Structures are given as C-alpha cells and as structure tokens.
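Below is one structure, written out as structure tokens, with a few remarks after it.
The values are calculated or read from the model by the stated rules, or taken from the named source; none is laboratory data. Remember, predicted model here, so these are calculated numbers, not experimental data. Methodologically, a virtual Cβ is constructed for each residue, glycine included, from the backbone with ideal geometry; neighbour enumeration extends over all protein chains shown. Just so you know, the surface numbers come from the protein's heavy atoms only, side chains and all, with ligands and any DNA or RNA stripped out. Shrake-Rupley method; radii C 1.70, N 1.55, O 1.52, S 1.80 Å.
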Amino acid sequence: MNYADRPDHGTTYHTGQTGVVWKRRRVPSDPLLRDLVEVLGPDRVTDGSAARRLYSRDGSVIEGGRAGPVCFPETTGEVVGCVQAARVHGRAFVPRGAGTGLTGGSVPCDDPVMIVTTRMNQILEVDHRRRVAWVEPGVVNLDLARHLAESDLHFAPDPSSQQACTIGGNVANNSGGPHCLAYGVTSAHVAAVEVVLSDGTVVVLGEEQGDSVGLDLRGAFVGGEGTLGVATKIAVRLTQDPPKVATLLLDFVEVADAAT
Ligand SMILES: Cc1cc2nc3c(=O)[nH]c(=O)nc-3n(C[C@H](O)[C@H](O)[C@H](O)COP(=O)(O)OP(=O)(O)OC[C@H]3O[C@@H](n4cnc5c(N)ncnc54)[C@H](O)[C@@H]3O)c2cc1C
C-alpha cells in the first residue's frame, strides 16, 4: 500500500451520497516522509509494513535488516532529493536494484531511506560506432542484451541472475558471468558513471572514451557495493560479437590430458 493510501498516515476516508469511498490525501506527519513525498509525490514513497519487510532482505541469507521509507525515484534529480532528505533528517540511505545480491549489500540497518532504482530503467543511447551505451541503473541486464540482439554488439557481463539483476547492481557488485572468463568482469565494461554522492552532489566518474586524467575514481566506484553513492547513469562499453559461434565437445581420458 502506498504511503498516501494508509489511513494511519493522515488519509481521510468518507462515503459520498453515491456510496463511493473517496480518499483525501493529507500531508504526512513524519517530517522525513513529508520531505520524500515532496520529492517523489505520494505514489512513489511507501512506508507500509509489507514493503518495509520486503525491502529488508535481498538474495543473501542475511536476516535482521530494517528498511525505512522505500523510494522509487525516476530521475537523477529525484535521487538527489531523496539523498538530501535522508541527510537533513540524519538518516542513512541504501541504493538497491533488483535485490538479487548474495552478499547482503542492500540489506538495510537502522531504518535507512531505501533508494530503489527499478523505475530508472531506460536505455538512453546506444552509439554503435563508438561501442558505448548510456543506460539508467535499473535497466535489467537481460533487457540490455535483448535490446542489442539485432546489432553485432553486446554487454559482456552476464551473471546467471541476468533476467532480474540490474546494471546498477552489476556495477556496484562488479559482477561476472561466463562471458567474463573471456572478456573480464564488469569493471572492464564500464566507461563512466554518473553518481549522486552522499551530500547530494552529482559527479561523473570516468570518460566515455579513453582514460580520464588522475585517479581512477570510476574504478574505485565499481565494486563499491553501494557505499560510495548512487549510480544514476552508466556508460557501458559494448563488445563486438564474435563472427561465428560454435560449440566443441572434447573428450579426455584423464583431467591432466585437458591441460596439455
Ligand atoms: C540466482 C542468482 C544467480 C547469480 N549469479 C551471479 C553470477 O553469475 N555472477 C555474479 O557476479 N553475481 C551473481 N549473483 C548475484 C547478483 O545477482 C549480482 O551481484 C547482481 O549484479 C546484483 O544486481 P541487483 O540489481 O540485484 O543488485 P542489488 O542486490 O539490489 O544490490 C547489490 C548491491 O549493489 C548496490 N546497488 C544497487 N544499485 C545501485 C546503484 N544504482 N548505485 C549504487 N549501488 C547500487 C546495493 O546497495 C548493493 O550493495 C546471482 C544471484 C542470484 C540470486
């Protein structure tokens, strides 16, 4: 149930002459929620107990998480607004993609503001000539693969959770998959990242083309497990498809024979 629909948070229900139940949305009494609703509107913030329970876990075995308000921003500006609201009210925030992580990275401690990127799911631009695509962090890995299927390019990292996991999660966990044995893990395929830092500043780490001057902060951010800020746009490097794919079945009598 969305925040605005909860009777215990200021929503008034009354029956009109037609018997229709009308809902009147009122301003939340909790100051943090009030600020988050100000940023996202009432339909994209929830502090319902079911949502908070759901977003207190991820794919890991870690239990005991406690989510605060769960937010669904759609733009970088809205992520900035969520981060600033958390900061003003002395609350931590936790970025979250699809929640398939196995290391507990999005399991929240002490009621942080949950910044869920699943609505930031647009493939913004694909530059075939330069082999770069700008995507939002909530793009599902397999959706990007399908989007590129008609071209001769692909995004190499292919975790076996790829039908659910997001590119933002792949970046934060520096994820890998079978193709990464040949092409390298996610850090080798991220050219640049737009990041909202913990004070609400927006920075772009890395360069779309070539190497950036100075410290490789892009390299530090990839694999940061959500502790260094929220990735809001990602420039991924695309890999040329092999000209031909064939499957070989080789039979060895001894394991050692395969190594010689
Ligand atoms: C069945 C299964 C198979 C899997 N197979 C693989 C595999 O083959 N290879 C592999 O590497 N992993 C695998 N995983 C683990 C997991 O799917 C990957 O780590 C994946 O990249 C996580 O993506 P997510 O969107 O679910 O991220 P989440 O679980 O939501 O988050 C993971 C971490 O990323 C952070 N995060 C998420 N979005 C952002 C953002 N926009 N900005 C900053 N931080 C962010 C979170 O805070 C958290 O720390 C598997 C998991 C499952 C359940």
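Hey, among the residues in the range 170-189 that are under 22 Å from residue 113 (Cβ atoms) and touching a strand residue (DSSP E or B) at 6+ places or on another chain (Cβ under 8 Å), which one's farthest from the ligand (Cβ to nearest atom)? That would be 171.
Residues that are in contact with a strand residue (DSSP E or B) (Cβ under 9 Å, 6 or more places away or on another chain), at pLDDT 95 or above, open to solvent by 20 Å² or more (accessible area, probe 1.4 Å) and small (Gly, Ala, Ser) occur in the range 152-164; there is at least one. Looking at the range 66-109, which of its residues are more than 11 Å from the chain's Cα centre (by Cα) and of a type in the set (A, V, I, L, M)? Selection gives 67, 70, 79, 80, 83, 85, 86, 88, 92, 102, 107. The set of residues from the range 85-125 being in contact with a strand residue (DSSP E or B) (Cβ under 6 Å, 6 or more places away or on another chain), within 13 Å of the ligand (Cβ to nearest atom) and without any contact (Cβ under 8 Å) to a residue 60 or more places away in the chain comprises 108, 112, 114.
Residue-wise test of (1) under 30 Å from residue 86 (Cβ atoms); (2) in a helix (DSSP H, G or I); (3) near the ligand (Cβ under 8 Å from one of its atoms).
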| position | (1), (2), (3) |
| --- | --- |
| 130 | no, no, no |
| 145 | no, yes, no |
| 156 | no, no, no |
| 161 | yes, no, yes |
| 164 | yes, no, yes |
| 168 | yes, yes, yes |
| 191 | yes, no, no |
| 195 | yes, no, yes |
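Considering 157, 95, 108, 137, the condition of being in contact with a Gly (Cβ under 8 Å, 6 or more places away or on another chain), farther than 24 Å from residue 219 by Cβ and not β-branched (Val, Ile, Thr) is satisfied by 108 alone.
In the set 201, 232, which member is farther than 16 Å from residue 132 by Cα, open to solvent by less than 40 Å² (accessible area, probe 1.4 Å) and at pLDDT 95 or above? The unique qualifying residue is 232. Checked against (1) surrounded by 13 or more Cβ atoms within 10 Å (Cβ to Cβ); (2) aliphatic (A, V, I, L, M); (3) over 16 Å from residue 132 (Cβ atoms), residue 245 meets all criteria but (1).
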